[in-house]
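The values are calculated or read from the model by the stated rules, or taken from the named source; none is laboratory data. From a predicted model like this one, the values you see are computed outputs, not experimental measurements. Neighbour counts are summed over all protein chains in view; Cβ atoms, including those assigned to glycine, are modelled from backbone coordinates with ideal geometry.
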């Protein structure tokens with residue numbers, strides 16, 4: 001048993017239970033129909049977004065359970081079985097408990113998709129394990145492309161987190177109407193520059209410049225880092241027009257265009273100076289994002305209930321969670337790269353991150369159209385701690 005995966009697996013189970021049973025109110029006895037949902041009769045209408053949410057929610061659990069029961073001899077039957085049984089057992093328990101909540105609807109479809117998500121996570125962990133075999137294809141690719149050590153892999157994960165935050169809710173839209181809608185902000189702003197949102201462009205500039213520093217620390221050959229990041233970021237932004245509910249804006253392209261010269265100059269800085277610059281850029285981007293006016297003229301009350309908004313709109317909520325996590329995961333990685341020795345996470349840094357984000361959220365009480373929320377401070381804290389804990393538990397820093 002890999003004890004390093006025990007705590008993350010327990011944390012994942014608690015988060016799934018919280019999301020499955022929220023809002024924990026209105027408990028009542030279900031009566032004679034306690035097990036009616038266990039039949040194989042499918043509901044009249046199955047939402048594709050619900051299916052996707054169920055798979056995504058349980059994939060991390062399957063990944064962690066596979067890692068928890070991973071064997072040193074490389075055999076994968078037991079880890080796969082534990083991931084499937086553990087994921088399906090948790091899903092069964094959650095569906096059964098939901099029968100006691102009037103606001104939740106247990107379903108055998110949810111049970112099947114949750115189990116499929118656990119299997120997908122376990123399969124990802126298996127592929128990751130096989131890819132780490134010395135002299136394997138992944139090892140050769142990693143040695144030629146990524147920087148040495150686990151930081152290169154974490155940097156790649158940060159880049160993929162940002163990609164996911166831009167492409168959530170991950171539902172492709174290839175019809176002409178959807179693509180046209182995705183291009184509307186770009187078209188209207190290009191034809192009327194008075195629509196150009198300078199604050200939004202500044203947010204993209206700071207975020208993309210900070211992310212570009214992460215790319216420079218991730219790609220082994222520094223000369224290729226900037227071209228790689230430029231094409232990568234441009235491709236991700238342009239592909240948003242093919243994602244349902246996502247749009248391409250002139251502000252995003254302008255932010256990327258402005259970030260390239262700064263990243264070119266950053267290549268001539270020392271490593272510590274470049275990492276510090278990356279952290280400051282990400283902080284500035286987050287501050288611009290937090291303090292810009294929202295839609296509407298009334299400021300909302302502070303929400304103290306974690307993930308309330310994300311659970312109300314589950315699929316788009318994944319995008320909101322990713323947007324709240326990736327900047328601080330990037331900052332944590334850049335900060336850890338500048339430390340001399342592995343001493344675990346910087347707890348003063350974690351406290352500073354939580355306090356900084358909480359104060360910005362509290363400041364939103366005075367900003368029309370914004371919805372201040374405790375959730376963002378918790379996401380920032382998680383984004384800061386997870387890479388540092390992973391580095392520490394891996395014994396590499």
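Assess whether residue 24 counts as being in a loop (DSSP other than H, G, I, E, B), over 18 Å from the mean Cα position of the chain (by Cα) and modelled with pLDDT under 85. In short, yes. Every condition in (1) out of contact with any strand residue (DSSP E or B) (no Cβ under 9 Å at 6 or more places or on another chain); (2) within 30 Å of residue 317 (Cβ to Cβ); (3) in contact (Cβ under 8 Å) with a residue 60 or more places away in the chain holds for residue 272 except the one numbered (2). Of the numbered conditions (1) farther than 18 Å from residue 115 by Cα; (2) at pLDDT below 85; (3) part of a helix (DSSP H, G or I), residue 11 satisfies every one except a single condition; which is it? The one condition residue 11 does not meet is (2). Picking from residues in region 372-397 that are more than 16 Å from the chain's Cα centre (by Cα) and at pLDDT 85 or above, the one that is farthest from residue 157 (Cα to Cα) is 372. The residues of region 250-270 include none that are under 22 Å from residue 182 (Cβ atoms) and not in a helix (DSSP H, G or I). Flag: residue 311 matches the condition of being at pLDDT below 95, under 21 Å from the mean Cα position of the chain (by Cα) and under 28 Å from residue 381 (Cα atoms). Against the conditions (1) surrounded by fewer than 20 Cβ atoms within 10 Å (Cβ to Cβ); (2) free of Cβ contacts under 8 Å to residues at least 40 places away in the same chain; (3) closer than 28 Å to residue 212 by Cα, residue 313 satisfies every one except (3).
Once region 332-366 is narrowed to residues that are outside any helix (DSSP H, G or I) and crowded, with 17+ Cβ neighbours inside 10 Å, the residue that is modelled with the lowest pLDDT is 345. Number of residues in region 67-93 that are surrounded by 21 or more Cβ atoms within 10 Å (Cβ to Cβ), closer than 16 Å to residue 10 by Cβ and modelled with pLDDT of 90 or more equals 4. State whether one or more residues within region 290-308 are modelled with pLDDT under 90, buried (at least 20 other Cβ atoms within 10 Å of the Cβ) and in contact with a helix residue (DSSP H, G or I) (Cβ under 6 Å, 6 or more places away or on another chain). For region 290-308, residues modelled with pLDDT under 90, buried (at least 20 other Cβ atoms within 10 Å of the Cβ) and in contact with a helix residue (DSSP H, G or I) (Cβ under 6 Å, 6 or more places away or on another chain): present.
The conditions of being farther than 15 Å from residue 198 by Cα, buried (at least 19 other Cβ atoms within 10 Å of the Cβ), in the same structural domain as residue 333 (by TED's automatic domain parsing) and more than 22 Å from the chain's Cα centre (by Cα) are not met by residue 259. Can we say residue 241 is over 21 Å from residue 333 (Cβ atoms) and either modelled with pLDDT under 95 or surrounded by fewer than 19 Cβ atoms within 10 Å (Cβ to Cβ) (or both)? When the stated conditions are applied, residue 241 passes them. Can you work out which of the residues in region 367-392 that are touching a strand residue (DSSP E or B) at 6+ places or on another chain (Cβ under 9 Å) and assigned to a helix (DSSP H, G or I) is surrounded by the most Cβ atoms within 10 Å (Cβ to Cβ)? My answer is 375.
Could you tell me whether any residue of region 201-209 is at pLDDT 90 or above and farther than 19 Å from residue 331 by Cα? Within region 201-209, one or more residues are at pLDDT 90 or above and farther than 19 Å from residue 331 by Cα. A residue that is more than 24 Å from the chain's Cα centre (by Cα) and crowded, with 19+ Cβ neighbours inside 10 Å occurs somewhere in region 268-277. Of all the numbered requirements in (1) closer than 26 Å to residue 52 by Cα; (2) modelled with pLDDT of 85 or more, residue 168 misses one, and that requirement is (2).
Taken over region 357-371, the criterion of being over 20 Å from the mean Cα position of the chain (by Cα) and either under 22 Å from residue 384 (Cβ atoms) or not assigned by TED's automatic domain parsing to the domain that holds residue 390 (or both) is satisfied by 359, 360, 362, 363, 364. Inside region 65-102, residues that are within 27 Å of the chain's Cα centre (by Cα) and assigned to a loop (DSSP other than H, G, I, E, B) make up a count of 2.
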